[in-house]
Amino acid sequence: MGLLDSVLGAVLNNGQQQAQPQGGLGGLGGGLGGIIGMLASNPQLIQVVTGMLSNNGGQGGLGGLAEKFGQAGLGDVLGSWVGGGQNQPISGDQLGNVLGSDALAGIAAKLGLNPGEAAGQLAQVLPGLVDHLTPAGQAPQAGLGDSSDLFGMLGGLLQKA
């Protein structure tokens, strides 16, 4: 999965930086080291994230996530990722509240992590991924498509990077 790791690394780097409100990456700047390391140590994260955002995934795609974020009182957080401004960070605990304990337990099992660790990793990658997959500042009316569509979009983003 080397190419996919590179695609997601390029796409997600921005989200990891923005998920650290105090600039907690120690000056990584534009580097991909942290996110690529995270993905390399757990490649199942790629499948989980694309499954969450794809229309045929378990969370109902971007629209389903938006609804869950709204119900948890965090609609503005997801909206910042889609919109053109600064991405608001999200904590693992907040993301766990959005997803619910059953869904988070399933994701954690796929990742081979405990639920807290899984939520923390997702909180690092989701802001940047959503931001880059919605470059016009709006969610596509029909969502981001199915998993194969999403992989195609990620490939296109790598070519632009």
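Within region 55-73, identify whether any single residue is modelled with pLDDT under 55 and either closer than 26 Å to Gln138 by Cβ or of a type in the set (Val, Ile, Thr) (or both), and answer yes or no.
No.
Which residue is surrounded by the fewest Cβ atoms within 10 Å (Cβ to Cβ), if the candidates are limited to region 141-161 and must be part of a loop (DSSP other than H, G, I, E, B) and modelled with pLDDT under 75?
This residue is Gln141.
For (1) closer than 21 Å to Ser147 by Cα; (2) free of Cβ contacts under 8 Å to residues at least 12 places away in the same chain; (3) among the aliphatic types (A, V, I, L, M); (4) surrounded by 18 or more Cβ atoms within 10 Å (Cβ to Cβ), each residue gets a yes or a no:
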residue	(1), (2), (3), (4)
Gly64	yes, yes, no, no
Gly75	no, yes, no, no
Gly84	no, no, no, no
Gln88	no, no, no, no
Gly106	yes, no, no, no
Ala109	yes, yes, yes, no
Pro115	no, no, no, yes
Leu122	yes, no, yes, yes
Leu126	yes, no, yes, yes
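Hey, among Ile90, Ile107, which residue is over 16 Å from Gly51 (Cα atoms) and modelled with pLDDT of 90 or more?
Ile90
Being modelled with pLDDT of 95 or more, of a type outside the set (Lys, Arg), buried (at least 17 other Cβ atoms within 10 Å of the Cβ) and not in a loop (DSSP other than H, G, I, E, B): is that true of Val49 here?
no
The values are calculated or read from the model by the stated rules, or taken from the named source; none is laboratory data. As the structure is a prediction and not an experimental result, all values here were calculated from the model. When we count neighbours, we look across all protein chains shown, and the Cβ atoms used for this are built from the backbone with ideal geometry, even at glycine.
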